[in-house]
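Asker: My structure is below; once you've seen it, I'll send some questions.
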């Protein structure tokens, strides 16, 4: 998946009159997350890692026993469950500690040590799934009827779906040993674009400012078109100088997706990636087809943007420039939490008070510090709190929406962990983006209704339109690109820089429409999107938003039953496949209607903007 404030929590003046980012030790403890539910401290984590490594050594003793009886299988699953809970605690603690300060070598070492231990455990247990799969069907049916396996039935039933795609014990071990190397293309892309590439500095009225991946969006939102154009030109000049390497990295990632799918016997990489969620490929196709049939509101929005900015030509560097004046007041963390709680009041007391207590307590790591990972995320685990990383700024409406968004993820995790056993408490990414964007929609409606001026209302509506554009339309464009590139690879066509740029440029023309004048380097955008290294993932943002818009309308227009249907979805965890759990909540994502309805919501926002400022 940004309002009176304490200066020490944000920035403090330096000697030059600017502002410096505080180091971790300068952040108040009450403004940081409390990881003690995972481990009391680093020394406790060390003991946990030793315990994990010792338990890993016990894995071979179970080999060859799983099909003897239901009790033997349950013994292994009990062991595996407890090992998995410890594994998750170790992983979350080390990773969250590293995000606090990416320059903390001790935390990075912890993460690396866990990764190595985890790889050994994966290799040591690679035999288990094939052995479970080899249990005769009639015997497994008898096992599943036994009371001792009750909490594992859903886990086992989902596991048995993979039987046609599970390899031999030896082959599975080989694949597990290759696990660490699978991320090389991703890591190389990240190092190249975030470390090695030099984007230079730009002269601005405030002085020289560095251009980087993290400052790129700030420059693109600058009201000064000259600055936007210079930033765009310099940014893509750097990508142009590395285009062949970037194309090779992405081509390698796509090739690996295709090879892994073939190894396991899937008809395509897309089929392989949709299989775990039991999502029909028709859902993916429906998304692209439905959005493609509803591009007029998007093109109308770009025409409105061109008119408001008074441009002769709309360029690629104009699409993020503000078209409404900023009209919000700063809100402290506690004020933001109160606004969000009021917006979410239709969800009832338990939901609101639990989230409020968590956000005002220590679920969240609230403010930026030197070395802290940028952005925001929610990390909900079975044993710990549903932690939230933020870099909250009191003068950013976007950060308030981000807090509501991550709070949605965390409450989803809170309900899932309390309603399901460990082996199937985890929900899918397909479902995750529903709970988060649901909260955003309720916050938008609340703020719009509370707006006391035409300017504020226009600002809020414009912000919401941009968010839906980015999530529904833009992610669908990304999804279409991924489908095209994987289809080309599977058809035996090399993915050269020229091929990738041609495909992406066609999509830019399709989605931006006739008002857009593309730059020669505009299609290089397709070589800089990190999500493309996690194949067939981005479509879930678009489907998730479509589902949440439909469910928000249903809950707000309904009564107790509609709200309980939504809570049933939040509590389902991994007990159902996502299409089924969402259907029980009241939305059928197997049909194109929710996506079409999402496009209609965007169209109405454009109507409102045209009325207010057009």
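The values are calculated or read from the model by the stated rules, or taken from the named source; none is laboratory data. In this text the structure is predicted, and so the values were computed from the model without any measurement. No Cβ is skipped: glycine too gets one built from the backbone with ideal geometry, and neighbour counts run over all protein chains shown.
Asker: Looking at the range 188-199, which of its residues are surrounded by 16 or more Cβ atoms within 10 Å (Cβ to Cβ) and not in a helix (DSSP H, G or I)?
Answerer: Residues satisfying the conditions are 197, 199.
Asker: Could you tell me whether the range 133-141 includes any residue that is in a loop (DSSP other than H, G, I, E, B) and surrounded by 17 or more Cβ atoms within 10 Å (Cβ to Cβ)?
Answerer: Yes, some residue in the range 133-141 is in a loop (DSSP other than H, G, I, E, B) and surrounded by 17 or more Cβ atoms within 10 Å (Cβ to Cβ).
Asker: For the range 263-295, which residues satisfy the criterion of being assigned to a helix (DSSP H, G or I) and farther than 30 Å from residue 173 by Cβ? Break it down stepwise before answering.
Answerer: In the first step, residues of the range 263-295 are kept if they are assigned to a helix (DSSP H, G or I); the result is 263-264, 269-277, 281-292.
Passing the criteria: 281, 282, 283, 284, 285, 286, 287, 288, 289, 290, 291, 292.
Asker: Next up: Would a scan of the range 27-41 turn up a residue that is assigned by TED's automatic domain parsing to the domain that holds residue 148, in contact with a helix residue (DSSP H, G or I) (Cβ under 8 Å, 6 or more places away or on another chain), farther than 30 Å from residue 146 by Cα and part of a helix (DSSP H, G or I)?
Answerer: Going residue by residue through the range 27-41, those that are assigned by TED's automatic domain parsing to the domain that holds residue 148 are 27-41.
Filter once more, so that each one left must be in contact with a helix residue (DSSP H, G or I) (Cβ under 8 Å, 6 or more places away or on another chain): 27-28, 31-33, 35, 38-39.
Now narrow it down to the ones that are farther than 30 Å from residue 146 by Cα: 27-28, 31-33, 35, 38-39.
Subsequent filtering for residues that are part of a helix (DSSP H, G or I) retains 31, 35.
Checked the range 27-41: at least one residue is assigned by TED's automatic domain parsing to the domain that holds residue 148, in contact with a helix residue (DSSP H, G or I) (Cβ under 8 Å, 6 or more places away or on another chain), farther than 30 Å from residue 146 by Cα and part of a helix (DSSP H, G or I).
Asker: The conditions are (1) over 30 Å from residue 603 (Cα atoms); (2) over 24 Å from the mean Cα position of the chain (by Cα); (3) at pLDDT 95 or above; (4) surrounded by 15 or more Cβ atoms within 10 Å (Cβ to Cβ), and residue 269 fails exactly one of them. Which is it?
Answerer: (2)
This table checks each residue for (1) within 20 Å of the chain's Cα centre (by Cα); (2) assigned to a helix (DSSP H, G or I); (3) more than 30 Å from residue 77 (Cβ to Cβ).
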{"residue": "378", "(1), (2), (3)": "yes, no, no"}
{"residue": "388", "(1), (2), (3)": "yes, no, yes"}
{"residue": "393", "(1), (2), (3)": "no, no, yes"}
{"residue": "398", "(1), (2), (3)": "yes, yes, yes"}
{"residue": "407", "(1), (2), (3)": "yes, yes, yes"}
{"residue": "410", "(1), (2), (3)": "yes, yes, no"}
{"residue": "414", "(1), (2), (3)": "yes, yes, no"}
{"residue": "417", "(1), (2), (3)": "yes, yes, no"}
{"residue": "423", "(1), (2), (3)": "no, yes, no"}
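Asker: Hey, does the range 578-590 have a residue that's closer than 21 Å to residue 351 by Cα, out of contact with any strand residue (DSSP E or B) (no Cβ under 8 Å at 6 or more places or on another chain) and surrounded by fewer than 17 Cβ atoms within 10 Å (Cβ to Cβ)?
Answerer: Looking through the range 578-590, at least one residue is closer than 21 Å to residue 351 by Cα, out of contact with any strand residue (DSSP E or B) (no Cβ under 8 Å at 6 or more places or on another chain) and surrounded by fewer than 17 Cβ atoms within 10 Å (Cβ to Cβ).
Asker: Taking residue 373 as the residue in question, decide whether it is within 30 Å of residue 83 (Cβ to Cβ), modelled with pLDDT of 95 or more and in a loop (DSSP other than H, G, I, E, B).
Answerer: On the way: within 30 Å of residue 83 (Cβ to Cβ): yes; modelled with pLDDT of 95 or more: no; in a loop (DSSP other than H, G, I, E, B): yes.
When the stated conditions are applied, residue 373 does not pass them.
Asker: For the range 232-250, indicate whether the set of residues that are out of contact with any strand residue (DSSP E or B) (no Cβ under 8 Å at 6 or more places or on another chain) and over 25 Å from residue 481 (Cβ atoms) is non-empty.
Answerer: no
Asker: Please work out which one of (1) under 30 Å from the mean Cα position of the chain (by Cα); (2) surrounded by 15 or more Cβ atoms within 10 Å (Cβ to Cβ); (3) closer than 30 Å to residue 530 by Cα is the condition residue 202 fails and give its number.
Answerer: (1)
Asker: Look through 295, 274 and report the one residue that is closer than 21 Å to residue 580 by Cα and within 25 Å of the chain's Cα centre (by Cα). Break it down into steps so the answer makes sense when it comes.
Answerer: Values: 295 fails: closer than 21 Å to residue 580 by Cα.
Testing whether each residue is closer than 21 Å to residue 580 by Cα and within 25 Å of the chain's Cα centre (by Cα) leaves just 274.
Asker: Of (1) in contact with a strand residue (DSSP E or B) (Cβ under 8 Å, 6 or more places away or on another chain); (2) surrounded by fewer than 17 Cβ atoms within 10 Å (Cβ to Cβ), residue 99 satisfies all except one. Which?
Answerer: Residue 99 satisfies every listed condition except (2).
Asker: In the range 163-187, how many residues are under 22 Å from residue 118 (Cα atoms) and either assigned to a loop (DSSP other than H, G, I, E, B) or under 29 Å from the mean Cα position of the chain (by Cα) (or both)? It would help to see each step written out before you state the result.
Answerer: In the first step, residues of the range 163-187 are kept if they are under 22 Å from residue 118 (Cα atoms); the result is 166-187.
From what's left, either assigned to a loop (DSSP other than H, G, I, E, B) or under 29 Å from the mean Cα position of the chain (by Cα) (or both): 166-168, 172, 175-187.
Looking only at that region, the number is 17.
Asker: Moving on. Against the condition touching a helix residue (DSSP H, G or I) at 6+ places or on another chain (Cβ under 7 Å) and either part of a strand (DSSP E or B) or more than 22 Å from residue 495 (Cα to Cα) (or both), how does residue 247 come out, does it pass?
Answerer: Details: touching a helix residue (DSSP H, G or I) at 6+ places or on another chain (Cβ under 7 Å): yes; either part of a strand (DSSP E or B) or more than 22 Å from residue 495 (Cα to Cα) (or both): no.
Criteria not met by residue 247.
Residue-by-condition table, conditions (1) modelled with pLDDT of 95 or more; (2) surrounded by 12 or more Cβ atoms within 10 Å (Cβ to Cβ); (3) in the same structural domain as residue 531 (by TED's automatic domain parsing):
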residue	(1), (2), (3)
4	no, no, no
7	no, no, no
44	yes, yes, no
57	yes, no, no
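Listed here are the residues, each with its yes/no results for (1) within 25 Å of residue 385 (Cα to Cα); (2) within 28 Å of the chain's Cα centre (by Cα).
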residue	(1), (2)
67	no, no
70	no, no
94	yes, yes
103	yes, yes
106	yes, yes
119	no, yes
134	no, no
